[in-house]
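Here the structure is laid out as structure tokens; the discussion comes afterwards.
Derivation of every value follows stated rules applied to the coordinates shown; laboratory data play no part. Source: prediction; values computed, not measured. Note that we place each Cβ from the backbone using ideal geometry, even for glycine, and neighbour counts take in every protein chain shown.
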Amino acid sequence: MIAGPAVAHAGTGLPGGFIAGVEHPLTGPDHMLAMVSVGLWGYFLGKPLIYLLPMVFPIMMAIGAGVGMAGVNLPPVEIGIAVSVFVLGALILGAVKAPTWIACAVVGLFALFHGYAHGIELPSAADPIGYSLGFVLATGSLHVAGIAIGSLAALPRGETVLRGLGGVVCAIGLGFLWVAAR
């Protein structure tokens, strides 16, 4: 569970097209937790962020991929991705109600790191366009899953359970951060 982010982006290139793009976010716990957390935090924040955050993430992820393909250096990407899981979990745990612009800036910044991690590998992919399309589709699906999970807040003690899940995500993010920083 903790070793995943340490090897998620080893720079070996991407093997395939659309299916590989769909599979990556679903099999990478760092990406999966961050993307579900974006949807869940959006649910906590309500309108318009329940709709806006799942749009900001893929747009900024695409920009991050472009930055990576352009060869621009960012701070250590795995640390940025680990911090995204940690902070998003903490925001859910605390049921933090951020203003629209701050929520978009936080999610957008984290999306840059997630996109960058793939942008540096995309030129070596067998089918970079297919991979990108699959990755964006899976990302959107994970955001929707987070929103659906958020609807459990309507149940008795549902919000408490969801905030507890945020705490679990935060703790896992701390583990990712510990591994990435080593």
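Its residue count N fixes a reference of 2.2 N^0.38 Å for segment 45-132, and the Cα radius of gyration divided by that reference is 1.16. From the coordinates of this entry, Kirkwood radius over Cα pairs in Å is computed, and it appears in (1) 17.9; (2) 24.6; (3) 16.0 under the label (3). Summing Lys, Arg as +1 and Asp, Glu as -1, what charge do residues with Cβ under 11 Å from the Cβ of SER84 carry, SER84 excluded? My count for the surroundings of SER84 gives -2. Relative to the dominant Cα principal axis of the chain, helix 49-69 is inclined by about 20°. Treating the angle as unsigned and between 0 and 90°, give the value, to the nearest 10°, between the Cα long axis of helix 18-27 and the longest Cα principal axis of the chain. Computed tilt is about 50 degrees.
Residue-wise HN-Hα couplings along segment 76-91, as the Karplus relation 6.51 cos²θ - 1.76 cosθ + 1.60 with θ = phi - 60° gives them from phi, are x, 5, 4, 5, x, 5, 4, 4, 4, 5, 4, 5, 4, x, 5, 5 Hz; Gly and Pro carry x. Only DSSP H runs of four or more residues enter the estimate; each adds -39500 (n - 2.57), and after division by the residues of the chain the mean residue ellipticity at 222 nm equals -25000 deg cm²/dmol.
Computed from Cα positions, the angle between helix 128-150 and the longest principal axis of the chain comes to roughly 10 degrees.
Legend: calculated FRET efficiency, VAL96 to ARG182, from the Cβ-Cβ distance at R0 = 45 Å, rounded to 0.05, equals 0.95. Subtracting the Cα-Cα distance of VAL144 and LEU26 from their residue separation scaled by 0.36 nm leaves 41.1 nm. Protection proxy ranking of 108-118, 40-50, by the mean of other Cβ atoms within 10 Å over each peptide's residues and highest first, is 108-118, 40-50. Net charge in the neighbourhood of LEU152 (other residues with Cβ under 12 Å of its Cβ; Lys, Arg +1, Asp, Glu -1) is +1.
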